[in-house]
Amino acid sequence: MVNIKIDDREIDVPPGSNLVDAAALVGVEIPTLCHLKGYEPSNSCQVCTVKDRRSGRLISACGTKVVEGMEIENESEEIRDLRRTALELLLSEHVGDCRAPCDFACPAHMDIPLMLDQISHENLRDAIVTIKADIALPAVLGRVCPKPCEKGCRRKTADGPVAICDLKRYVADVDLASDDPYLPPCMPDTGKRVAIVGAGPSGLAGVFYLRRSGHACTLIERNDALGGRLRSEEDEQSLPRNILDAEINQIIRLGVDVRLQAAITTKEQLDALCDEFDAVLLAIGQTTPARVEQLGIKASRKGIDVDSETYATNRRGVFAVGNALRGKGMVVRSTADGKEAATIINQFLAGCKKLGLGHDFASRIGRLESGEIDQFLANSVPAPRSVPATGSDYVSCDATEQSQRCLGCGCVAHNKCKLERWSEFYGANPNRFPRVRRPYEVVGRASSVLFEPGKCIKCELCIKIAERAQEPLGLSFVGRGFDVLLSVPFGGQLDEALTKVAEECVDACPTAALSFAPSRRPPELTQIEMPGRIKAK
């Protein structure tokens, strides 16, 4: 055995091991993109950089064999900075969207492509699970939302956006009309109690996600019915009361206590709530600085003053969301506030020292250049000859046809991509260096394997895998310098190049530059994350 140290931790490893394998023996993962166990290292990505303390040299962990007495620095700030820079250089020429533009445009950041995929396969039960992971009132929002998600849809400038909002409404309406409407699971009881003051869209969303997280929740409303501005500002035609009541009832069924005709307007009343509950969420709607001051908390020009990162007021344990902050806003923005505040309050109740929303890393293509939209539209389902006027008029075949128009702009490897994972871990900024990207392109549409040159980091893994398997054609690099590109020899198709190891190459690809055509991809699994997709750091 060979004795070495990694970050002052002494370990014995088999001779001939590289530093990546040596670290793994003691549960330490050194990041890699171009390394695959069993293959010779290419040392190209530099993400596995470590420091030899004795020589002071920077070395690649995947390409360095252990030596007796070696001392390696793996987790210092210097190494983190170097890895972050290596990732940012790769991202500067990366042509791919981690998440679809419609996802970014939606204030609630619902996983729209997953919902559309599930509808296209007629998996409506899975679709409502996906929707309610991020949106507590989908049947309501499907009627009153101004559809910012559709403004972000790439098809908008071609043949019209996918009818995302109507499809969401369709799924929610079908669910509510079923004999067993979807009731999300709640986490085990935490022993914590939360008061939510105000039963408008932000308060209802807040209580929905707080209750799902296992907290005992009490919803306090000054009026004699729940709904807030959804009940007072929307007429029966645009938002039928039976739909509003049905969705609110689904939230209450989670086990929420309700106090009606119980206004909270003074500091003494807020004091009493703070004594009774572990946290208080104020979702009182549009208000004035004078009314806020009566509660004994700091006011802003538009209402309640909060920390922009945490929704926290100046009083410990009291948070505020919705139009109480901004005066006037979209209903979907208010519901997103409620979900985000629930994440923050979860952290507060768990005793976290630092509160905040951990925003997922995302690489974005940005504005498309001339002709690039044609690459997305290639082989896509055309717009139907006619579409229903409203979501409630959809039938199964209409919804399936409409959802199949989704271009799948997000990455098929989102949440599984190594480049995305390590970029998020090290806080890489995709815009740190000037973007020098090649045009968006998909190669191999006639085959079952697709190649996106703009995502390729020239790691050589697919070339090595095909060579070891003695593929008749295999893959190779063509060109020189920055113009080098992965290619099939003699102008062949990817199906001809990868007759034996297509699946192995797709699995090994660290950036999803290689992927299977939609016809070969299995339907996505149901999303069951709780209480939404926002991550805390």
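A few remarks follow.
- Set of lysines near residue 51 by C-alpha distance (under 20 Å), chain-local residues within fewer than 8 positions excluded: 5, 65
- Reachable lysines, given that their alpha-carbon falls under 16 Å from the alpha-carbon of residue 298 and they are not under 8 places away in the same chain: 267
- Residue exposure proxy: 70, 330, 187, 110, ordered by other Cβ atoms within 10 angstrom of their Cβ from fewest to most, comes out as 187, 330, 70, 110.
- Options 355, 194, 206, ranked by Cα towards positive dipole end of the chain, top entry (Cβ charges): 355
- Size of charge dipole - region 438-520 - debye, nearest 20, with Cβ of Lys, Arg +1 and Asp, Glu -1, no other charges: 160 debye
- Taking the DSSP bridge list for the chain and keeping only pairs wholly inside it, about 55 percent are antiparallel.
- Of all lysines in the structure, the ones whose alpha carbon falls short of 23 Å from that of residue 156, not counting any fewer than 8 places away in one chain, are 147, 168.
- Whether the chain is rounded, prolate or oblate, judged on the alpha carbon gyration tensor where a/c under 1.5 counts as rounded: oblate
- Amide H contacts under 5 Å for residue 2, placed H, 5+ residues apart: 13
- Ascending count of other beta-carbon atoms within 10 Å, so fewest first, for 494, 82: 82, 494
- Among 264-275, 96-107, 46-57, sorting by the average number of other beta carbon atoms lying within 10 angstrom of each residue, highest first, gives 96-107, 46-57, 264-275.
- Region 42-57 and region 84-133: distance between their alpha carbon centers, rounded to Å: 34 Å
- A Cβ-based charge dipole, computed about the Cα centre of region 279-364 with Lys and Arg at +1 and Asp and Glu at -1, lands at about 140 debye.
- Placing +1 on each Lys and Arg Cβ and -1 on each Asp and Glu Cβ, with no other charges, gives the chain a dipole about its Cα centre of roughly 1240 debye.
- Dipole of region 418-499 [Lys/Arg +1, Asp/Glu -1 at C-beta], most positive-end residue of 462, 446, 431: 431
- Rounded Å value of the spacing that divides the Cα centres of region 144-165 and region 446-508: 35 Å
- Three-way shape label, region 438-520, alpha-carbon gyration tensor, a/c 1.5: rounded
- For 372, 460, the sequence from fewest to most other C-beta atoms within 10 Å is 372, 460.
- In this structure the amide hydrogen of residue 319, modeled in the peptide plane, comes within under 5 Å of the amide hydrogens of 280, 281, 282, 313, none closer than 5 places in sequence on its chain.
- Residue-averaged [θ]222 nm for the chain, counting only DSSP H segments that reach four residues, each worth -39500 (n - 2.57): -9000 deg cm²/dmol
Readers should treat all values here as calculations from the given coordinates under stated rules, not as data from a laboratory. Quick caveat: nothing in here was measured; it's all calculated off a predicted structure. Cβ coordinates were reconstructed from backbone atoms using ideal geometry, including for glycine residues, and neighbour counts include every protein chain displayed.
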